[in-house]
Amino acid sequence: VSTFVVVDAPFEATCTFVPIKKENKKKGTGKYELHVRFEDGAKRHLVQLEEIKLTDSQIDEISGRYYSEELDVSYRVYEENGKLFYKRKYSVEGTPLEPTGPDKFNAGFWQLNFTRNKQKRLTGFTIGAGRVKGIRFNKN
């Protein structure tokens, strides 16, 4: 068990990494859970994600251009060396998209949630971070 304290933040929090043990066994699994306790007593429990490997067809389906009417901006999602990236029209570098679940990705501090219609066809994504949530981008 390792415990850390958040420093230089406008709040106090303690983070504890706890090894996950196999059920009814003393030996660990090699994975950890993160327990966070905030100064107000609120608790958060985070689990380690399994690595998600996208198939070529998933990469092809997600790749493309997306437009937000609200922001009047387009993003391009593209593949490079087997990984997905997104970038704005005039950006020099793309930001890697790290899969965190079905149709869910982290990109830096942003979270992208890809959306589908009733026929399960990819229609776009919503993006958010912090208090900014649900900005819609439609696939062109």
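At a glance:
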{"read-out": "Which label in (i) 7.6; (ii) 11.5; (iii) 12.5 gives the computed mean projected area of the Cα convex hull in nm²", "value": "(iii)"}
{"read-out": "Top of 123, 95, 14 by mean-square fluctuation, Gaussian network on the chain, Cα under 10 Å", "value": "14"}
{"read-out": "Accessible area per residue in Å² at 1.4 Å probe, computed on segment 1-129", "value": "75 Å²"}
{"read-out": "Percent carbon-and-sulfur accessible area, the chain, ignoring ligands, DNA and RNA, probe 1.4 Å", "value": "50 percent"}
{"read-out": "Debye, to nearest 20: dipole size of the chain, +1 on Lys, Arg Cβ, -1 on Asp, Glu Cβ", "value": "540 debye"}
{"read-out": "Table column - 3J(HN,Hα) (Hz), segment 5-12, Karplus curve with 6.51, -1.76, 1.60, x for Gly and Pro", "value": "10, 6, 10, 6, 10, x, 8, 10"}
{"read-out": "Segment residue 106-residue 20, extension gain: residue separation times 0.36 nm, minus the distance between their alpha carbons", "value": "28.5 nm"}
{"read-out": "Lysines whose Cα lies under 21 Å from that of residue 31, excluding same-chain neighbours fewer than 8 positions away", "value": "21, 22, 43, 53"}
{"read-out": "Cα shape, segment 68-140, gyration tensor, a/c 1.5 rule", "value": "rounded"}
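The values are calculated or read from the model by the stated rules, or taken from the named source; none is laboratory data. Treat the numbers as computed from the prediction; the structure is a model and nothing was measured. Neighbour counts are summed over all protein chains in view; Cβ atoms, including those assigned to glycine, are modelled from backbone coordinates with ideal geometry. What goes into the accessible areas is simple: the full protein's heavy atoms, side chains included, and nothing from ligands, DNA or RNA. Shrake-Rupley method; radii C 1.70, N 1.55, O 1.52, S 1.80 Å.
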